[in-house]
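Read the structure below first, then the notes.
The values are calculated or read from the model by the stated rules, or taken from the named source; none is laboratory data. Bear in mind that the values here come from a model prediction, so they are computed numbers and not experimental data. Cβ atoms come from the backbone with ideal geometry, glycine included; neighbour counts cover every protein chain shown. We work out accessible area using only protein heavy atoms, side chains counted, and drop any ligands, DNA or RNA first. Shrake-Rupley method; radii C 1.70, N 1.55, O 1.52, S 1.80 Å.
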Amino acid sequence: MSWREMLGIDELKPTTLPHNTHNTHKYPAKDNCTDIAERKSKMLEALAIASKGLSITPNELYETLDSDDIESWFDNALNPLSLKDFAHSHQQRKLMDEGKAPDHYTQQGTCKQCGPILSWFQGETESCPWCRN
């Protein structure tokens, strides 16, 4: 969803006001800046709860969400547990990008791409979460 769709601009028509004819090309916004800031603030509050005790910030999480994810949360289609799972998986990915194994990676495995790895299971695999690194 584009920012224009989020603001409802695509479905609105230009306004013509007799006393302000130089602005006839502009579209009225459905939400004003305060509403947008309040929505972001509410989303950041939810992400702060979801990331409590983790080494990532709500802003880091917010930057990884797309507009559909944010709209789903506001439509109550994305519950707080989903946000918590998202925060945990994001932290895990961040640790792995830094070359650190997540706490639950306690087993020695072998990846055909990476070689010996720490994983949540023993055995051999064609690819693994470390392949991205």
Note: among HIS25, HIS104, just one is surrounded by fewer than 12 Cβ atoms within 10 Å (Cβ to Cβ) and at pLDDT below 65, namely HIS25
Identify all residues within segment 59-98 that are small (Gly, Ala, Ser), closer than 30 Å to LEU118 by Cα and touching a helix residue (DSSP H, G or I) at 6+ places or on another chain (Cβ under 9 Å); write none if there are none. SER82, ALA87
Which residue out of LEU78, LEU54, LEU47 is under 12 Å from the mean Cα position of the chain (by Cα), open to solvent by less than 90 Å² (accessible area, probe 1.4 Å) and in contact (Cβ under 8 Å) with a residue 24 or more places away in the chain? LEU47
